[in-house]
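Derivation of every value follows stated rules applied to the coordinates shown; laboratory data play no part. Just so it is clear, the structure is predicted and the values come from calculations on it, not from any experiment. Cβ coordinates were reconstructed from backbone atoms using ideal geometry, including for glycine residues, and neighbour counts include every protein chain displayed.
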Amino acid sequence: MPTYDERDNLPVAVERLTSLPVSDLHILVVDDNSPDGTGELADKLAAELPDVVGVLHRTEKDGLGRAYIAGITRALDEGAEIVIQMDADLSHPAEVIPAMLEKLETSGAGVVLGSRYVPGGSTAEEWKWYRKALSAWANFYVNLILRLGVKDGTAGFKAWQADTLRAIDVASIRSNGYSFQVEMNYRTIKKGITIAEVPIRFEERTKGASKMSLKVQLESAAMPWKLLLGRQV
């Protein structure tokens, strides 16, 4: 879980994860030197749950993609067989993780997405109509260009087989922000690896501020074309 100013949400996220009926589950918090003290709080949680919670401190905030790569690389180095990526803002429902793991085990997929756009999935009721429209358009746009063959190509809640992450050479990905999710999916299908989806209800954060910016949106719009044209990203 990458964090930046998630002090109010992190303890709730950790409690939800540790309550799951999942054996040998470990939580890695990747904090980008949060001004609100999230990193220090993560250290406290790690001291309380030393066999469950770990913390990776980064010195600066340089994008969601970079934080995920740092965390995924650390998890692989520590021998993780499955790596789950999720946000700390409580928008991703932790209770769906057992279903994602079951799907990963039984479907033969290399990654399972927590999807808003398969039957049974949904977005937060608090979302304004234009935000829902933007999200739906982004997925249509990405699939039109890259032919990902998934309903929620921009999803950030994923359960990965470790071998899949190694196959797509995740450490070499240079895209950032939300386009990072698209590039990971694109590399996966280019390797001939199956992507599966399970429905989730995507919740609106109740505390803290969204990290979405105009720069991130512009990068996300350009990324599919860069990938399609084979340009260095």
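Hey, which of these cross-link pairs are over 22 Å Cα-Cα: 61/190; 103/151; 158/191?
Over 22 Å apart, Cα to Cα: 61/190.
Computed from the C-beta positions of residue 134 and residue 51, the FRET efficiency with R₀ = 30 Å rounds to 0.10.
If I model a spin label at residue 40 and residue 171 as a point 7 Å from the Cα along the Cα→Cβ vector, what separation in nanometres do I get? The modelled label-to-label distance comes out at 3.4 nm.
The angle separating the long axis of helix 214-228 from the principal Cα axis of greatest extent in the chain is about 50 degrees. Extension gain for residue 24 to residue 95 (0.36 nm times residue separation, less C-alpha to C-alpha distance): 23.9 nm. Label zone (residue 8, point 7 Å along Cα-to-C-beta; backbone nitrogen cut-off 11 Å) within the stretch 100-124: none. Taken one residue at a time, the phi angles of the stretch 186-200 give Karplus couplings (6.51, -1.76, 1.60, θ = phi - 60°) of 5, 4, 5, 5, 5, 7, x, 9, 6, 10, 10, 9, 10, x, 9 Hz. Gly and Pro are set to x. Along the stretch 34-51 the Karplus relation, 6.51 cos²θ - 1.76 cosθ + 1.60 evaluated at θ = phi - 60°, assigns HN-Hα couplings of 4, x, 7, x, 4, x, 5, 5, 4, 4, 5, 5, 5, 5, 6, 10, x, 8 Hz to successive residues, with x for each Gly and Pro. Against the main long axis of the alpha-carbon atoms of the chain, helix 97-107 sits at an angle near 50°. Beta bridges assigned by DSSP with both partners in the chain are antiparallel in approximately 35 percent of cases.
If the segment from residue 141 to residue 60 were pulled out straight at 0.36 nm per residue, it would be longer than the present Cα-Cα gap by 26.0 nm. Database remark: amide H of residue 158 closer than 5 angstrom to the amide H of 85, 114 (H placed geometrically; neighbours at sequence offset of 5 or more, or on other chains; Pro and chain starts carry no H).
Calculated over the chain, the projected area of the Cα convex hull averaged across directions stands at 11.9 nm².
Quick check on the stretch 15-57: what does the Kirkwood estimate of hydrodynamic radius come out to from the alpha carbon pairs, in Å?
In the stretch 15-57 this quantity evaluates to 10.9 Å.
In whole percent, what relative contact order does the chain give with Cα contacts below 8 Å and a gap of six or more residues? With pairs under 8 Å counted, the relative contact order is 24 percent. Legend: P(r) of the stretch 47-145 from all alpha carbon pair distances, 10 Å bins from 0, whole percents, reading 11, 33, 38, 17, 2.
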